[in-house]
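To keep things clear, I will list the structure first and then write my remarks on it.
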Amino acid sequence: MIATLKAEEQSQLQLVEREDIDDEEDLFEAIDKLISQGINAGDVKKLQDAGIYTCNGLMMHTKKHLTGIKGLSEAKVEKICEAAEKIVNFGYITGSDALLRRKAVIKITTGSQALDELLGGGIETGAITEAFGEFRSGKTQLAHTLCVCTQVLLCPDYICLRSSTWIIVSVLVQQLITDYILPTNMRGGNGKVAYIDTEGTFRPDRIVPIAERFGMDPGAVLDNIIYARAYTYEHQYNLLLGLAAKMSEEPFRLLIVDSVIALFRVDFTGRGELADRQQKLGQMLSRLTKISEEFNVAVYMTNQVIADPGGGVFISDPKKPAGGHVLAHAVTIRLMFRKGKGEQRVCKVFDAPNLPEAEAISFSYHIILIKITPGGIADAKD
């Protein structure tokens, strides 16, 4: 009897996994499908060499950029774009269809229930979440916690929401999944993590106690994190270009850039290079936006702060996020971190497009307390 139940549980779990994979395949169309539309395989290979691995990603590039790829003439680019338009729809859709697409958004827990509630469920895929604040305010600690939380299996209620041909899972199987993963009010992403480190602050040994907190194998968690240390802003951008190949083949759910602005502040100096710096920064942020939407991954990036001389004597904390308006307009959600008592940290939603109407009108923002523990970010008890 027990063996039969276990066999049924295993088959149901495989069903969940298979349904999930089927849904993921619908998120983007592989660039190889252009061949069926009459595009030469050699031209498709040139697109892949340029870092374009999906038809969705192809449509996110200008024709001017595509003609800059060696071996692609204007006539070839025109034909390629026409073929891609037959595969993916980049035109108008109804509001109902847009709402349906939002069903594919995954909310990844931060490790703190209070912070999850503040964010409407967690860090969401298909968007850029920025955390800015002084040093030692908890930005990198949240990044390490997300490295683990992203790999946790999706909770049952979320799987049921996504699957259109769901077969009712027995209570026993639901309990089995729930015991293995996070509580039902905290969701994982069931995917891998890409980590771009510009400040040298990633610590793999920090991942170990966080994984143990969630009952996961530290070795397996670390194996599902790909890490790269960037030393120049050009190196940082090239690392982003190389991610398309990996994300088109493996199920990634999170991209971390810690921090996004550090190398720009080093490689560009003085007001004479400010315009060039902001242009290059804008290009990188545009690339991050395209990655998040093309592969349905969450982008979490940290940002530094700068002194605000114009803040005045009446401002208690005259600091503002670096990057100016270019960065401010590119991100979806902005979180401000500051130090609290002891290991407590204060998180404030600085900007978000989906704030409740009453809060948006009155410009009042929620503020919550979290703390840094050996197991990562958690709720503050006091």
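The values are calculated or read from the model by the stated rules, or taken from the named source; none is laboratory data. Keep in mind that what you see is a predicted model, and the values were worked out from it rather than measured. Virtual Cβ from ideal backbone geometry, glycine too; neighbours counted across all protein chains shown. Surface areas here come from the heavy atoms of the whole protein model, side chains and all, with no ligands, DNA or RNA. Shrake-Rupley method; radii C 1.70, N 1.55, O 1.52, S 1.80 Å.
For this structure, a couple of remarks:
- When Gly120, Gly133 are screened for being in contact with a Phe, Trp or Tyr (Cβ under 7 Å, 6 or more places away or on another chain), open to solvent by less than 70 Å² (accessible area, probe 1.4 Å) and over 14 Å from Ile370 (Cα atoms), only Gly133 passes.
- Residue in the range 176-186 that is at pLDDT 50 or above and surrounded by 20 or more Cβ atoms within 10 Å (Cβ to Cβ) present: yes
- For Ala358, the conditions (1) part of a helix (DSSP H, G or I); (2) at pLDDT 90 or above all hold with the exception of (2).
- Check on Ile256, part of a strand (DSSP E or B), of a type in the set (A, V, I, L, M) and over 9 Å from the mean Cα position of the chain (by Cα): no
To keep it simple, each residue is scored yes or no on (1) in contact (Cβ under 8 Å) with a residue 12 or more places away in the chain; (2) open to solvent by 10 Å² or more (accessible area, probe 1.4 Å); (3) under 13 Å from the mean Cα position of the chain (by Cα); (4) within 26 Å of Leu47 (Cβ to Cβ).
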{"residue": "Tyr233", "(1), (2), (3), (4)": "yes, yes, no, yes"}
{"residue": "Tyr237", "(1), (2), (3), (4)": "yes, yes, no, yes"}
{"residue": "Gly270", "(1), (2), (3), (4)": "no, yes, no, no"}
{"residue": "Lys280", "(1), (2), (3), (4)": "yes, yes, no, yes"}
{"residue": "Asn303", "(1), (2), (3), (4)": "yes, no, no, no"}
{"residue": "Ala307", "(1), (2), (3), (4)": "yes, yes, no, no"}
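- Any hit, the range 83-105, residues being free of Cβ contacts under 8 Å to residues at least 24 places away in the same chain and touching a Cys at 6+ places or on another chain (Cβ under 9 Å): no
- Considering residues of the range 274-294 that are in contact with a helix residue (DSSP H, G or I) (Cβ under 9 Å, 6 or more places away or on another chain) and among the acidic types (Asp, Glu) only, the residue farthest from Glu134 (Cα to Cα): Glu294
- Residue within the range 8-27 that is in a loop (DSSP other than H, G, I, E, B), modelled with pLDDT of 85 or more and of a type outside the set (A, V, I, L, M) present: no
- When restricted to residues that are open to solvent by 40 Å² or more (accessible area, probe 1.4 Å) and closer than 21 Å to Thr289 by Cβ, the range 62-84 contains 5.
- Failed condition for Ile291, given (1) within 25 Å of Leu58 (Cβ to Cβ); (2) open to solvent by 30 Å² or more (accessible area, probe 1.4 Å); (3) of a type in the set (Val, Ile, Thr): (2)
- Residue within the range 144-161 that is modelled with pLDDT of 65 or more, of a type in the set (Ser, Thr, Tyr) and either buried (at least 23 other Cβ atoms within 10 Å of the Cβ) or assigned to a loop (DSSP other than H, G, I, E, B) (or both) present: yes
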